[in-house]
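Inspection log for the structure reproduced underneath, given as structure tokens.
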Amino acid sequence: MNWIYFPLYALITAIFWVIGTSLIFASKRKSILKPLGHIALLLGIGTITTFVVILWLQLGRPPMRTLGETRLWYALFLLLIGYVTFVRWGYQWVLILIFFFASIFLVTDLLHPETYEKTLMPALQSPWFVPHVIVYIFAYAMLGFSWVFSIYGLYMFYFKSFPMKVLNVADNLVYIGFAFLTMGLLFGALWAKEAWGHYWTWDPKETWAFLTWLVYLVYIHTRYFHYTKVRLHLWMLSFIFIVLLLCWFGISYMPSAKNSVHVYSNE
Amino acid sequence: MGLTNGNSKKEESGKLWDYPWKYAESFIIAIEIMVAGIIVEALTGGKGITIPGIPVNIYIIFIFAAVLLFLHVRYRESPAVIWISSIPAAISAISIYAVLVLLLGFIPQNSHETSKFLDFTGLSHVKSSWSFVLIQFYFLTTLGMVTLRRAIPFKKKNIGFLMNHFGLWLTLLAAGLGSADLKRLTINLLEDGKINNIAVSQNGEMYKMPFTLKLLDFDVVQYNPRLAIVNVETNKYNMGNAKSLPFAVKNLETELAGWHIKVQEYLSQAMLINGIMQNSDSVGSNPAAFVFAKNISTGDTVKGWITSGSYALEPSYLVLKGTDFLILTQPEPKKYSSKLIVYKDSLTSDTVLLEVNKPYSVKGWEIYQTGYDENKGKWSTLSVLEAVNDPWLPVVYFGIASLLCGALYLFWIGKDKKVKTN
């Protein structure tokens, strides 16, 4: 079983990623360190990809059937999306954030080898599972960060002088997060069609995910057309995140959610 | 582009309902639409709206699109048409729509414990209520008009905008009106060698399908059952410090709630035959484990066979202490599948292995494995399938594809380009 080499691959991936991120943070403009940093990040992604490919070949099936296997994909795709976002937008902190999230999944796999074998329930054994979850994690991470910016912005607004740049960065994070939120919602719909016969059944989680999508939609539109109303938008951005959190964690406690397929199991 | 004048303030002297209409007028209109929906709902007895099926819904879509196009071409400069494609109108529509979705998310829908108030306001069935449908119609009108404004005349830089807005318009419209033509029927198949072409709707109506099915074999693969200590008085598991209950496997040694437990023997299909627990292929046989349990503090030991039980057999357990019993839980399903022959007509047929997540398409229908007789579990001879027919699916998928492309565009272009134009 190929999993015996997993700690090694995970370690090499982490080392590459730490080196790459450090180089990028340390590099000044036009410094040779920057391309080296990129190479290290790509080698990190390459290492974990190699492990997935070898595992796939040895198993003779896509490694997507057990809990441990799905975590592997989470880590891989998070690093990939984080890297692409960094390349496109130049936010260095995305690298740290994403590495942190990816590490959670890799470390969980290291600590719980028994989950390599634990089969998922039938409906979850789908090629849609991983993309659906991964784009949501990334969307939530981006929108979570936009929330942090909104709180920072509120502080600056009331106690210091407010630089518009704060809200502009937050906006961009909202755009990126919203794009992934849209994908997550739609991947979920396409998966639902395969697994449950219809793409939309107003399951409580779907309803709340749609609601989250709508409130960010309102934010994007008011922000776009009333660019100068800073205070309104800072407050709005800090409040709509609550809807997202309710959707993520609150569903289990709602009367409407007794039969939801999305209520997370305690095991 | 200037489709709305977000910055052009209404004259201070301007009264409500003087053009250009802004947020106050927009929200009043949106709320009036919602209230109108509630009134109609109450007058029609709180039964909701019935969406017409093909071909009427197709006509509605074409007439709706034609009216929007006509308004755009003929009256695009009139203040009312400018308003309906403005941001205040859009925000009022999305907000009230979101409020209804919020209610939908909070109030249990179509539940048996409903009240007259919830029925007559439509809150017990939000998604088919008049308010919801009318607000959606208002939302789609603003969305459609703004899409037309950016689409005609066409400019390349609007492509991302169009993919998102048109995609959403088409998806919501086709999914909403198309819901009338969605058929979700249940087909019950028995392992009795007989053919079946009858499906039943939720209301109990029978449909004859354009294909015939025969169930060759229904199979359930189960996880091993788990060991558990249950308090028979409270009927709750005594978990101790354990986060999850251990699966019973041969030679397992584990600690559970102050007991050291060893599984000496495990049989996945067993039965007592002549007083001896042994493997058996007989229908109704159940998982069995021979266990030793030793109380860690007192040193008391208990041993013997415990079984999960099945529809045919009573479970057996060990009494550990007082009301604490050591039991074997009911095994959970890992995978279930039906081997079927699908007769498409008198000449062609297909042998299919139907599993969860792997539907099979035949003659415009998708067939899904959905369930079985859970009471009989592994020994179920019944396989429950669902047949789904949705003629609108390609249209909805086209809308979804457009939205997905729009999302990628949004990720890549982000906000920077837009800030410049502002």
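Just so it is clear, none of the values below were taken in a lab; they were calculated from the coordinates. Note that the structure is predicted; figures quoted are calculated from it, not measured. Heads up, the Cβs are rebuilt from the backbone with ideal geometry, glycines too, and the neighbour counts pull from every protein chain shown.
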Open item on the list: Under 5 Å between amide hydrogens, which residues at least 5 positions from B:Tyr372 or on another chain qualify, with H placed 1.01 Å from N in the peptide plane?
Closed with: B:Val384
Open item on the list: Springs between alpha-carbon pairs under 10 angstrom, Gaussian network model over chain B: which of B:Ile91, B:Ile296, B:Ile61 fluctuates most?
Closed with: B:Ile296
Task: Student exercise, the protein assembly as shown dipole from Lys, Arg, Asp, Glu Cβ charges, in Debye to nearest 20 - done: 2880
TODO: Among B:Phe325, B:Phe211, B:Ile28, flag the residue with its Cα farthest along the positive direction of the charge dipole of chain B, charges on Cβ as +1 for Lys/Arg and -1 for Asp/Glu.
DONE: B:Ile28
Task: Whole-Hz ³J(HN,Hα) from phi, Karplus 6.51 cos²θ - 1.76 cosθ + 1.60, for the stretch B:199-216, glycine and proline x - done: 10, 10, 7, 4, 7, x, 6, 9, 10, 8, 7, x, 8, 10, 10, 9, 8, 8
Open item on the list: How are the alpha carbon pair distances in the stretch B:224-331 distributed across 10 Å bins from zero to the largest one, expressed in percent?
Closed with: 16, 50, 29, 6, 0
Open item on the list: From the helices alone, meaning DSSP H stretches of at least four residues, give me the mean residue ellipticity at 222 nm for the protein assembly as shown, per-run term -39500 (n - 2.57), in deg cm²/dmol to the nearest 500.
Closed with: -16500 deg cm²/dmol
Open item on the list: Which of rounded, prolate or oblate describes the stretch B:350-404 when judged by the alpha-carbon gyration tensor and an a/c cut-off of 1.5?
Closed with: prolate
Open item on the list: For the stretch A:2-68, report the % of Cα-Cα distances exceeding 15 Å.
Closed with: 57
Task: Sparse-neighbour loop sites [trypsin sites (Lys or Arg not before Pro); the stretch B:331-365; at most 12 other C-beta within 10 Å; DSSP] - done: B:Lys363
Open item on the list: Over 21 Å between Cα atoms: which of B:Lys334/B:Lys376; B:Lys250/B:Lys339; B:Lys262/B:Lys335 fall into that group?
Closed with: B:Lys250/B:Lys339; B:Lys262/B:Lys335
Open item on the list: Using square roots of five times the C-alpha gyration tensor eigenvalues, list the equivalent-ellipsoid semi-axes of the stretch A:123-260 in whole Å, biggest first.
Closed with: 32, 15, 12
Task: ³J(HN,Hα), Karplus 6.51/-1.76/1.60, whole Hz, each residue of the stretch B:156-172, x for Gly, Pro - done: 4, 5, 8, 4, x, 3, 5, 4, 5, 6, 5, x, 5, 4, 5, 4, 5
Open item on the list: Using alpha carbons only, how many angstrom separate the centre of the stretch A:188-205 from the centre of the stretch B:282-303?
Closed with: 42
- [ ] Can you check what the net charge comes to around B:Ala387, using other residues whose Cβ is under 12 Å from the Cβ of B:Ala387 (Lys, Arg +1; Asp, Glu -1)?
- [x] +1
Task: For the stretch B:37-45, 3J(HN,Hα) per residue [Karplus equation, 6.51 cos²θ - 1.76 cosθ + 1.60, θ = phi - 60°, Hz, x = Gly/Pro] - done: x, 5, 5, 4, 4, 5, 5, 8, x
Task: Charge context of A:His198, other residues only, Cβ under 14 angstrom, K/R +1, D/E -1 - done: -3
TODO: Would you look at the GNM of chain B, springs on alpha carbons closer than 10 Å, and say which of B:Glu25, B:Glu205, B:Glu41 moves the most?
DONE: B:Glu205
TODO: For chain A, return all DSSP H helices satisfying: extent of Cα atoms along own axis at least 18 Å; mean Kyte-Doolittle hydropathy at least 1.6.
DONE: A:6-26, A:33-59, A:92-111, A:230-245
Open item on the list: Please report the projected area of the stretch A:1-120's Cα convex hull averaged over all directions, in nm².
Closed with: 7.1
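Rounded, prolate or oblate: pick one for chain A, where a ≥ b ≥ c are the square roots of the eigenvalues of its C-alpha gyration tensor, a/c under 1.5 means rounded, and failing that, prolate if a/b is larger than b/c, else oblate.
Numbers: a/c = 2.32, a/b = 1.14, b/c = 2.03.
The shape class here is oblate.
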- [ ] Could you give me the percent of Cα pairs per 5 Å distance bin for the stretch B:1-152, shortest bin first, beginning at zero and ending with the bin that holds the maximum distance?
- [x] 2, 9, 16, 18, 17, 15, 11, 7, 4, 1, 0
Task: Local electrostatic count at A:Leu36 - Lys and Arg +1, Asp and Glu -1, tallied over other residues with Cβ under 15 Å - done: +4
Open item on the list: In 10 Å bins starting at zero, report the fraction of Cα pairs in chain B per bin as a rounded %.
Closed with: 4, 15, 18, 17, 16, 14, 10, 5, 1, 0
Task: Rg in Å to one decimal, and Dmax rounded to a whole Å, for the protein assembly as shown via C-alpha atoms - done: 29.4, 99
Task: Rule-of-thumb Rg ratio for the stretch A:49-181 [Cα; 2.2 N^0.38 Å; N residues] - done: 1.27
Task: B:Leu408-A:Ile151 pseudo-label distance in nm [points 7 Å out on the Cα-to-Cβ vector] - done: 3.5
Task: Most mobile listed residue (A:Ile45, A:Ile32, A:Ile134) in chain A, GNM with C-alpha springs under 10 Å - done: A:Ile32
Open item on the list: For chain B, take the longest principal axis of its alpha carbons; what is the angle in degrees between that and the long axis of helix B:56-75, to the nearest 10 within 0 to 90?
Closed with: 30
